Amino acid sequence: MSAEKTIPATLIPGDGIGPEIMDAVTEILDAVGAPFAWDKQLAGMAAVDATGNPLPPQTIDSIRRTGLALKSPLTTPVGGGFKSINVTLRQEFGLYANLRPTRTFVPGARFDKIDLVLVRENLEGYYAAMESYIPVGDDPHGIATGAGYNSRAECNRIVRFAFEYAVKHGRKKVTLVHKANILKLLTGLFLEEGRKVAKEYEGRVECNERIVDACAMQLVIDPWQYDVIVTTNLFGDILSDLTAGLVGGLGMAPGANIGEKAAVFEAVHGSAPDIAGKNLANPLALLLAANMMLEHIGRDDLSARIESGIRAVIKKPELLTRDLGGKSGTREFTAALKQHLV
Ligand code: NAD
């Protein structure tokens, strides 16, 4: 189907399985007439090989121009003093909200009918990585320290993001996840601001609170009680992998990093060098990320079409990729999915 490509967006094919799954995803997006006019840019090892820089200025300029990027996984260069590309992107564009929806797609997964969203603060907390160690040889009394910070403004902004998300997507409840019983100031501030914001939504969105350790246990025992979870950086990092595990692991887990001026959509898994170039990769996590991108630009109609195609093809396990128990390669799975689009 040919459709007008009116929305400029940066496309980063990435490393390892990145280009294969990106090809699959753009094929499906084209099949439903998605309006993205792609500006293809390099990052990761592909960029190191071509330019010596894992995040070249052209890539940053492109995202600054489009405000929208779909990014395949990047291989993190080992050594050479390279800073994490994902952290650099978050800081460069102030991508303060990490959005991780978790839904059951594969029937018979250990936890059926899961539908929850985790909102993680993406810029502050312990990820400020203010660490120190004063070693004296291998002194057994050596001490390593780490500090973090949360700002009142950022706590307020992230909780507000979660409530706004709940309102926009018809969700009923937001849970503030914290550890204010121990980290009384660092996460107490988050809880304090969270309660303030929650008051503004009274009568529209319910709010409750959980201490992070209790939340982790309850997510395993009774995940259905959760709707939208909002939490600080480190807790969100850990809990979002836990929630991905509830529905079959990272192969189905998309994520979005959202800021005031840009949004970057990605699969949560890595570049899987062990299966790169073998037509074995499952493109669904990146496709679900592309679906979030469609919803971000208000094209829920197109994401709904892709989602119903996924739900239809998933009913035929033999058509799935091997990580999901099927027999298809990436290309065969993509062709099958295309046939199931309505
Ligand atoms: P990984 O997620 O790449 O792979 C873990 C396992 O899952 C492997 O066995 C792999 O084959 C499998 N797997 C992952 N995605 C798959 C898919 N779509 N289909 C089928 N199987 C899949 O994790 P890793 O091996 O720890 O990391 C490899 C590289 O990716 C590292 O350089 C790491 O730094 C990087 N990484 C990047 C991102 C990102 O860019 N967002 C995230 C995580 C890891």
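Here's the yes/no breakdown for (1) of a type in the set (Asp, Glu); (2) within 22 Å of the chain's Cα centre (by Cα); (3) assigned to a loop (DSSP other than H, G, I, E, B):
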position	(1), (2), (3)
Leu89	no, yes, no
Leu123	no, yes, yes
Met130	no, no, no
Thr145	no, no, no
Ala153	no, no, no
Gly188	no, no, no
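If you go through the stretch 296-309 one residue at a time, do you hit one that is assigned by the TED database to the domain that holds Gln91 and within 14 Å of the ligand (Cβ to nearest atom)? For the stretch 296-309, residues assigned by the TED database to the domain that holds Gln91 and within 14 Å of the ligand (Cβ to nearest atom): absent.
Checking the condition exposed (fewer than 15 other Cβ atoms within 10 Å of the Cβ), without any contact (Cβ under 8 Å) to a residue 12 or more places away in the chain and within 25 Å of the chain's Cα centre (by Cα), which residue from Lys113, Lys168, Lys199, Lys184 passes? On inspection, the qualifying residue turns out to be Lys168. The set of residues in the stretch 288-342 being under 27 Å from Lys5 (Cα atoms), in contact with a strand residue (DSSP E or B) (Cβ under 8 Å, 6 or more places away or on another chain) and in contact (Cβ under 8 Å) with a residue 24 or more places away in the chain consists of Leu288, Ala289, Ala290, Asn291, Met292, Met293, His296, Ile297, Thr330, Phe333. In the set (1) over 30 Å from Glu202 (Cβ atoms); (2) crowded, with 20+ Cβ neighbours inside 10 Å, Gly142 fails one condition alone, (2).
Can we say Phe105 is surrounded by fewer than 21 Cβ atoms within 10 Å (Cβ to Cβ), in a loop (DSSP other than H, G, I, E, B), in contact with a helix residue (DSSP H, G or I) (Cβ under 6 Å, 6 or more places away or on another chain) and outside the structural domain of Leu191 (by the TED database)?
Values: surrounded by fewer than 21 Cβ atoms within 10 Å (Cβ to Cβ): yes; in a loop (DSSP other than H, G, I, E, B): yes; in contact with a helix residue (DSSP H, G or I) (Cβ under 6 Å, 6 or more places away or on another chain): yes; outside the structural domain of Leu191 (by the TED database): yes.
Judged against the criteria, Phe105 is a match.
Scanning the stretch 39-48 for residues that are buried (at least 17 other Cβ atoms within 10 Å of the Cβ), in contact with a strand residue (DSSP E or B) (Cβ under 8 Å, 6 or more places away or on another chain) and not in a loop (DSSP other than H, G, I, E, B) turns up just one, Asp39.
Considering each residue of the stretch 37-58 in turn, none proves to be aromatic (Phe, Trp, Tyr) and at pLDDT below 95.
Out of all the residues in the stretch 259-298, which are surrounded by fewer than 22 Cβ atoms within 10 Å (Cβ to Cβ), more than 20 Å from Glu27 (Cβ to Cβ) and under 10 Å from the mean Cα position of the chain (by Cα)? Correct list: Val268 only. Taken as a whole, the stretch 264-275 holds at least one residue that is among the aromatic types (Phe, Trp, Tyr), touching a Pro at 6+ places or on another chain (Cβ under 9 Å) and within 26 Å of Gly44 (Cα to Cα). Being at pLDDT 80 or above, more than 21 Å from Gly170 (Cα to Cα) and in contact with a Lys or Arg (Cβ under 8 Å, 6 or more places away or on another chain) is the filter here, so list the residues in the stretch 90-136 that pass it. Selection gives Phe93, Gly94, Tyr96, Asn122, Leu123. Of the residues screened, Phe235 is one that is buried (at least 23 other Cβ atoms within 10 Å of the Cβ), aromatic (Phe, Trp, Tyr) and away from the ligand (no atom under 15 Å from the Cβ).
Checking each residue in the stretch 229-252 for being in contact with a helix residue (DSSP H, G or I) (Cβ under 8 Å, 6 or more places away or on another chain) and within 22 Å of Leu186 (Cβ to Cβ) picks out Ile229, Val230, Thr231, Thr232, Phe235, Ile238, Leu239, Asp241, Leu242.
Test Ile158 against the stated conditions and say whether it is part of a helix (DSSP H, G or I) and assigned by the TED database to the domain that holds Trp224.
Values: part of a helix (DSSP H, G or I): yes; assigned by the TED database to the domain that holds Trp224: yes.
Yes.
Residue-wise test of (1) within 13 Å of the ligand (Cβ to nearest atom); (2) in the same structural domain as Ala9 (by the TED database); (3) farther than 29 Å from Tyr126 by Cα.
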position: Ala34; (1), (2), (3): no, yes, yes
position: Met45; (1), (2), (3): yes, yes, no
position: Pro54; (1), (2), (3): yes, yes, no
position: Asp61; (1), (2), (3): no, yes, no
position: Leu74; (1), (2), (3): yes, yes, no
position: Val78; (1), (2), (3): yes, yes, no
position: Ser84; (1), (2), (3): yes, yes, no
position: Glu92; (1), (2), (3): no, yes, no
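The values are calculated or read from the model by the stated rules, or taken from the named source; none is laboratory data. Because the structure is predicted, anything quoted here is derived from the model rather than measured. Counting neighbours? That spans all protein chains shown, and the Cβs are built from the backbone with ideal geometry, glycine included.
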